[in-house]
Amino acid sequence: MRIGVDYYPEQWDRNMWFKDAELMSRTGVKIVRIAEFSWCRLEPEEGVFNFDWLSEVVSVFSNYGIDIVMCTPTNCPPMWMYEKHPEIIQVGRDGNRQQIGIRGHRCINSPIFLEYAKRIVSEMAKRYANNPTVVAWQIDNEPEAYECCCQSCAEKFRCWLEDKYDTLENINNAFGNVVWSGEFTNRNQINPPASYNLAWQNPSMLLEYSRFSSDCTAAYLRLQSDLIKQVNVKAFITTNASFSGNTPDFYKLYDGLSFVSYDNYPPVRINENYDEHFSASFFLDLMRGVKRSNFWVMEQLSGSTGSWSPMSPTTRPNMLKGYGLQCIAHGADTILFFRWRTALKGAEMHWHGLIDHSNVLGRRFFEFEQFCKISAKLDSITDTKIISDIAIIYAPDCASAFKIQPQSDGFDYLRQLQQFHKAFTKYGANVDVVGPDADLSDYSIVIAPALYVYNKNTVENIYRFTMGGGTCILTCRSGVKDSSNNCIMEQLPTCFNELVGAVVSEYDPIGNTVQTITDNDGNDYSCSIWCDVMKTDTAKTYAQYADSFYALSPAVTLNNYCKGKAYYIGTVCEQKFYSDFANKIMKEAGIPRLRGMPDGMEVTTRTNGVDDFIFFFNNSEKSAVIGLPKPLYSLIDGVSKDRIELKPFDMEIVRK
Ligand code: GAL
């Protein structure tokens, strides 16, 4: 396992670089990420490049045997560029250009900006793409699907639509533009979204704009990646993923890149109501699922977070180490902590790194040092795989469509995915979170919550998977929209009717009102957000509503379909429902379950095909003790043990 840090040499005096490299080396740091915001120092004037300082930084780290992740600095163009070409700045939905002075506000579709970007990336690649110390590249920083509304974007969007739909007539039909007399008669009438409430705008157009924005971001990354690869075809290239208001489609984003890396800032507060607490492990499983292989964490939580919000509580004892190990437990093989030093200057000075402003090494630093030591013992785990019987499908199109039309009060697509993830991982199962086009043939259970927007591949894969003997779980708001984000003249869940063996005869968007469902064993569970009133055909009822005018109507159904089974959960339930449900269907599917685990105990397994490495992570504020059926070798302590005692946020790893 390789542990590293994010470092900003341009923010510190040159003499600190040497001291820092020496301290990093003593601490166990093996890799450092640099340069993502340093354009103004690399090209201080147009066409005048200064790479001397960066080359010196590379050699300082190289002398200590520390590898480098080199970043392209294109997130933050220098001031001279904005001054000369204000047209490279993003335009908001209100038609106004952003003000300059922060970061990430250049338009990635601006031809002028792209020329500058290509030149700086080529200059960097020329110098570092064949440097053995530079083991990986990060392109830009946390690229979003920006949804800029400048003229370059508007024109590119027109071309993108024409490419997809050929004629204005096809666009008008697909978007239903006749509604409110919105039919285009000239391509120049096509424009990016306007500033008024999304609810007033055409949902087809909005979904296409978010797809377009993801495509543009992916193309922008690919452009940079190609330039680096022109110099070194084997260059190992990524960008750092994050969830934001404009989360891009990660499956498109990483398609042209070598590997996935993620910025991981798990919560420092554990919700006292454990049912309401969701582990960051969901996002780690999602990142592993993007390329269905191990990934890196490019930024990892180091302390109190702040700057964009009031400062959070600091990381509790063991948390920094525990969350680091949690990444490894979910498939990360390299983890870099954000950041080595807390900034003294700039907007981010309250987002804490490993070393505080005082420059006095403290508790968090020593915990990091301990984490480096533990990770050094885990080389036998590097490149081991996580094999899962269970998959949850995450569909970026659905996430975007729900953002455009939020359905009912409290409706939260990602939360619904997390509820399932929490339920199945509670029993020690590895769970993959995979994309809409993923091959499902390796799984026994596939959960596809709220598959709202039609995707032919996903639908066919789910049918094929179930026909072959798999168990699939669908939920309310499935099959609602065609691929253009329009409703369908058919009973819900439309394309899934045959599979589910039931239809929705009526639905009730109850929002935050709480009602009850009762399963066939007489267990009651609360539900809210949405109620699909089901009418069964070949399906049987698994649970029924207890309230409202549809009391006694089916709420959850089960259909035997060819060799498999299809469950349909027509409502959004309390967490206990999902836990009990997971327990039952894992048993039916013959997937081993660890029962009686304390709340917050996360158990995952990595394997090399011969040995299994089992991770026990106490993601809670209470100590826990677990008995093992037989003594197993602990990779942390180097002894065999049949009893695991874990303080809050402690991790144990045993070999089986
Ligand atoms: C990330 C970003 C970093 C830094 C960090 C803390 O989203 O990539 O540059 O800003 O958050 O705020």
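Taking segment 1-57 as the region of interest, how many residues are of a type in the set (A, V, I, L, M, F, W, C), closer than 18 Å to ASP356 by Cα and in a loop (DSSP other than H, G, I, E, B)?
Of the residues in that region, 2 qualify.
Would you say ALA376 is within 29 Å of PRO317 (Cα to Cα), among the small types (Gly, Ala, Ser) and away from the ligand (no atom under 16 Å from the Cβ)?
So ALA376 passes the test.
Condition test on ARG269, is it under 14 Å from the mean Cα position of the chain (by Cα), more than 16 Å from the ligand (Cβ to nearest atom) and closer than 30 Å to ILE381 by Cα?
For ARG269, the condition - under 14 Å from the mean Cα position of the chain (by Cα), more than 16 Å from the ligand (Cβ to nearest atom) and closer than 30 Å to ILE381 by Cα - is not met.
Give the residues of segment 354-373 that are in a loop (DSSP other than H, G, I, E, B) and free of Cβ contacts under 8 Å to residues at least 60 places away in the same chain, sorted by residue number.
ASP356, HIS357, SER358, ASN359, VAL360, LEU361, GLY362 - these are the residues of segment 354-373 that are in a loop (DSSP other than H, G, I, E, B) and free of Cβ contacts under 8 Å to residues at least 60 places away in the same chain.
Which count do you get for residues in segment 404-417 that are surrounded by fewer than 20 Cβ atoms within 10 Å (Cβ to Cβ) and either under 20 Å from LEU284 (Cβ atoms) or under 16 Å from the mean Cα position of the chain (by Cα) (or both)?
Summing the residues that are surrounded by fewer than 20 Cβ atoms within 10 Å (Cβ to Cβ) and either under 20 Å from LEU284 (Cβ atoms) or under 16 Å from the mean Cα position of the chain (by Cα) (or both) in segment 404-417 gives 3.
Kindly establish whether PRO267 is modelled with pLDDT under 95 and not in a helix (DSSP H, G or I).
Yes; evaluated as a whole, the condition is true for this residue.
Free of Cβ contacts under 8 Å to residues at least 24 places away in the same chain and either touching a helix residue (DSSP H, G or I) at 6+ places or on another chain (Cβ under 8 Å) or assigned to a loop (DSSP other than H, G, I, E, B) (or both) - does that describe any residue in segment 590-603?
yes
List the pairs whose first member sits in segment 419-439 and is among the hydroxyl-bearing types (Ser, Thr, Tyr), whose second member is open to solvent by 20 Å² or more (accessible area, probe 1.4 Å), and whose Cβ atoms are under 6 Å apart, counting only residues at least 6 apart or on separate chains?
Close Cβ pairs (under 6 Å, with a partner that is open to solvent by 20 Å² or more (accessible area, probe 1.4 Å)) amount to TYR427/ARG593; TYR427/LEU594.
What number of residues in segment 87-100 are basic (Lys, Arg) and open to solvent by 90 Å² or more (accessible area, probe 1.4 Å)?
Number satisfying all stated conditions: 1.
Across segment 380-415, which residue is nearest to GLU574 (Cα to Cα) among those that are in a helix (DSSP H, G or I) and in contact with a strand residue (DSSP E or B) (Cβ under 6 Å, 6 or more places away or on another chain)?
The selected residue is CYS398.
Can you spot a residue in segment 602-624 that is exposed (fewer than 15 other Cβ atoms within 10 Å of the Cβ), farther than 25 Å from TYR443 by Cα and not acidic (Asp, Glu)?
Checked against the condition, which is being exposed (fewer than 15 other Cβ atoms within 10 Å of the Cβ), farther than 25 Å from TYR443 by Cα and not acidic (Asp, Glu), segment 602-624 yields at least one hit.
So which residues in segment 359-379 are open to solvent by less than 50 Å² (accessible area, probe 1.4 Å) and not hydrophobic (A, V, I, L, M, F, W, C)?
GLY362, ARG364, GLU367, GLU369, SER375
When you go through (1) within 16 Å of the ligand (Cβ to nearest atom); (2) open to solvent by 10 Å² or more (accessible area, probe 1.4 Å) one by one for LYS84, which number turns out not to apply?
For LYS84, the exception is condition (1).
Filter segment 496-536 for residues that are outside any strand (DSSP E or B), under 24 Å from VAL459 (Cβ atoms) and open to solvent by 10 Å² or more (accessible area, probe 1.4 Å) and give the result.
Matches in segment 496-536: ASN497, GLU498.
So for segment 21-31 (the condition being open to solvent by less than 10 Å² (accessible area, probe 1.4 Å), of a type in the set (A, V, I, L, M, F, W, C), more than 31 Å from the chain's Cα centre (by Cα) and in the same structural domain as GLU83 (by TED's automatic domain parsing)), does at least one residue qualify?
Scanning segment 21-31, I find at least one residue that is open to solvent by less than 10 Å² (accessible area, probe 1.4 Å), of a type in the set (A, V, I, L, M, F, W, C), more than 31 Å from the chain's Cα centre (by Cα) and in the same structural domain as GLU83 (by TED's automatic domain parsing), so the answer is yes.
For every residue, the table says whether it meets (1) assigned to a loop (DSSP other than H, G, I, E, B); (2) of a type outside the set (Gly, Ala, Ser); (3) under 14 Å from VAL5 (Cα atoms).
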residue: PHE259; (1), (2), (3): yes, yes, no
residue: ASP263; (1), (2), (3): no, yes, yes
residue: PHE278; (1), (2), (3): yes, yes, no
residue: LEU286; (1), (2), (3): no, yes, no
residue: LEU320; (1), (2), (3): no, yes, yes
residue: TYR323; (1), (2), (3): no, yes, no
residue: ILE328; (1), (2), (3): no, yes, no
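Only one of TRP39, TRP53 is within 16 Å of the ligand (Cβ to nearest atom) and at pLDDT 95 or above; which?
The unique qualifying residue is TRP39.
Mind telling me which of the residues TYR7, TYR64 ends up being assigned by TED's automatic domain parsing to the domain that holds GLY324 and open to solvent by 30 Å² or more (accessible area, probe 1.4 Å)?
Result of the check over TYR7, TYR64: TYR64.
Which of (1) surrounded by fewer than 21 Cβ atoms within 10 Å (Cβ to Cβ); (2) within 16 Å of the ligand (Cβ to nearest atom) is the odd one out, the single condition GLN230 does not satisfy?
(2)
State all residues of segment 339-358 that are within 14 Å of the ligand (Cβ to nearest atom) and open to solvent by less than 10 Å² (accessible area, probe 1.4 Å); if no residue qualifies, say none.
Hits for segment 339-358 are ARG339, TRP340, THR342, ALA343, GLY353, LEU354.
Considering (1) touching a residue at least 40 places away in the same chain (Cβ under 8 Å); (2) under 17 Å from LEU378 (Cβ atoms), say which one ASP637 fails and leave the rest.
Going through the list (1) touching a residue at least 40 places away in the same chain (Cβ under 8 Å); (2) under 17 Å from LEU378 (Cβ atoms), ASP637 breaks only (1).
Suppose we filter PHE250, PHE236, PHE278, PHE283 for residues that are away from the ligand (no atom under 16 Å from the Cβ) and buried (at least 18 other Cβ atoms within 10 Å of the Cβ); which single one remains?
One residue alone meets the criteria, PHE278.
If you go through segment 433-446 one residue at a time, do you hit one that is of a type in the set (D, E, K, R) and farther than 21 Å from ARG288 by Cα?
Checked against the condition, which is being of a type in the set (D, E, K, R) and farther than 21 Å from ARG288 by Cα, segment 433-446 yields no hits at all.
Please specify each residue of segment 289-317 satisfying the condition of being open to solvent by less than 30 Å² (accessible area, probe 1.4 Å) and not hydrophobic (A, V, I, L, M, F, W, C).
Matches in segment 289-317: GLY289, GLU299, GLN300, SER302, GLY303, SER304, THR305, GLY306, SER312, THR315.
The values are calculated or read from the model by the stated rules, or taken from the named source; none is laboratory data. Bear in mind the structure is a predicted one, so any value in this text is a computation, not a measurement. In this analysis, Cβ positions are derived from the backbone assuming ideal geometry, glycine residues included, and neighbour counts consider all displayed protein chains. Keep in mind that these areas ignore ligands, DNA and RNA; they rest on the heavy atoms of the full protein, side chains included. Shrake-Rupley method; radii C 1.70, N 1.55, O 1.52, S 1.80 Å.
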